[in-house]
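Values quoted throughout were computed directly from the atomic coordinates according to the rules given, and no laboratory measurement underlies them. No experiment lies behind these values; they were computed from the predicted model shown. Cβ placement follows ideal geometry from the backbone for every residue including glycine, while neighbour counts extend to all protein chains displayed.
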Amino acid sequence: MIKTIGVIGAGQMGNGIAHVCALSGYDVRLTDASEEALNKGLEMMNKNLDRQVSRGKIDEADRKAAVANIKSGTDISLHSDCDLVIEAATEDESVKKAIYADLCPVLKDEAIIASNTSSISITRLAASTDRPGWFLGMHFMNPVPVMKLVEMIRGIATEDPAFQSAKGVVESMGKQPVAAEDFPAFIVNRILLPMVNEAVYTLYEGVGSVSAIDTAMRLGANHPMGPLELADFIGLDVCLAVMQVLYDGLADSKYRPCPLLVKYCEAGWVGRKAGRGFYDYSGETPVPTR
């Protein structure tokens, strides 16, 4: 029975996961290596909870109960009483493996580890831990409090009781679990990120401007957000990391990251979180940078 859930990483995904876990009645342990990142994550979570209250999605009692359910800190040993720990660190395999090396010695023997990775092999991550049978992928969508889907990924060694327990947690949050096989980028990003990458190629080759491409896909394909606007929202660094995983893992030239995407990342123009990507966010209204 899962009662206490750990979340590692207080960034955009991590604080969102902690938010929905706490709101669903679980005791939550939220950690980050950086005190600054932790405080920023908690501040964002409180803002999002307040927004839900103002929109009538939850009431004030729900908000207070959720906040009371969360303990936070920078010490990994905070997860020692967790039944499930969801790692939501940056999309970098070496960073994730270093976290597991510190995490595994403090965990209960029966604790499950899940990674929120959007593209990295669950089998490979699991093999670096002391519990590959109790390791799986739980890929939440961004923004976590709003999006209903969670991709559930078994590694080659994942045992069914661990998978079913984690699936039960997802369902208890009112979200929809979808099983995906352990292949690069799973389902959503296997389809979505090549589309984003192709939009960047369309810009790179001069087929259309930023605003033309986004307007065309919003009005012509009925997408709620244009692909370049979406790339800025996801983070161009994340888009590049996923494309690199697809390109390396499947060795197919159709997954080659667009050179313009690489260039923007080299410039540090990685989207909304940096204040600039395919749009400049310094003013009241985003302005295309190209």
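Across every direction, the projection of the convex hull enclosing the Cα atoms of the range 140-183 has a mean area of 3.1 nm².
Note: relative contact order over the chain, using C-alpha pairs below 8 Å and six or more positions apart, is 13 percent.
Across the range 189-281, C-alpha contacts under 8 Å between residues 6 or more apart give a mean separation that, scaled by the residue count, equals a relative contact order of 29 percent.
The list (i) 15.1; (ii) 16.2; (iii) 14.3 gives values of mean projected area of the Cα convex hull in nm², and only one came from this structure; which label was calculated from it? Of the labelled values, this structure produces (i). Note on residue 212 and residue 101: the extension gain reaches 35.3 nm, defined as 0.36 nm multiplied by sequence separation minus the Cα-Cα distance. Centre-to-centre separation between the Cα atoms of the range 103-131 and those of the range 1-62: 21 Å.
Compared with the alpha-carbon gap, the fully stretched path from residue 164 to residue 181 is longer by 4.6 nm at 0.36 nm per residue. Would you mind counting up the charge near residue 89? Only other residues with Cβ under 12 Å from its Cβ, with Lys and Arg at +1 and Asp and Glu at -1. Here the charged neighbours net out to -4. Using equal-weight Cα scatterers in the Debye expression, the normalised intensity of the range 152-211 in log10 at q = 0.13 Å⁻¹ is -0.54. With a simple spin-label model that places each label point 7 Å from the Cα along the Cα-to-Cβ direction, the separation between residue 250 and residue 148 comes to 2.7 nm. Here the spin labels are modelled as points 7 Å beyond Cα on the Cα-Cβ line, and at residue 198 and residue 61 they lie 5.1 nm apart. At q = 0.14 Å⁻¹, what is the base-10 log of I(q)/I(0) for the range 189-281 according to the Debye formula with one equal point scatterer per Cα and no solvent? Please give it to two decimals. With no solvent term, the Cα-only Debye profile gives -0.44. Each DSSP beta bridge with both residues in the chain is either parallel or antiparallel, and the antiparallel ones are about 25%.
Summing Cβ point charges (Lys, Arg +1; Asp, Glu -1) relative to the Cα centre of the chain gives a dipole of roughly 580 debye. Highest average first, the peptides 246-257, 96-107, 80-91 ordered by how many other beta carbon atoms sit within 10 Å of their residues are 80-91, 96-107, 246-257. What you get for the range 201-280, charging only the Cβ of Lys and Arg (+1) and of Asp and Glu (-1), is a dipole of about 80 debye around the Cα centre. I'd like to know which of 16, 85, 4 lies farthest towards the positive end of the charge dipole of the range 4-180, counting +1 on Cβ of Lys and Arg and -1 on Cβ of Asp and Glu. The residue sitting most towards the positive pole is 16. All other residues whose Cβ lies under 15 angstrom from that of residue 157 are scored, Lys and Arg at +1 and Asp and Glu at -1, for a net of -2. Ranked by the mean number of other Cβ atoms within 10 Å of their residues, highest first, the peptides 223-229, 204-210 fall in the order 223-229, 204-210. If the segment from residue 188 to residue 34 were pulled out straight at 0.36 nm per residue, it would be longer than the present Cα-Cα gap by 52.4 nm. Each principal axis of the Cα cloud of the range 1-121 was taken in turn, and the coordinate range along them, longest first, works out to 41, 29, 26 Å.
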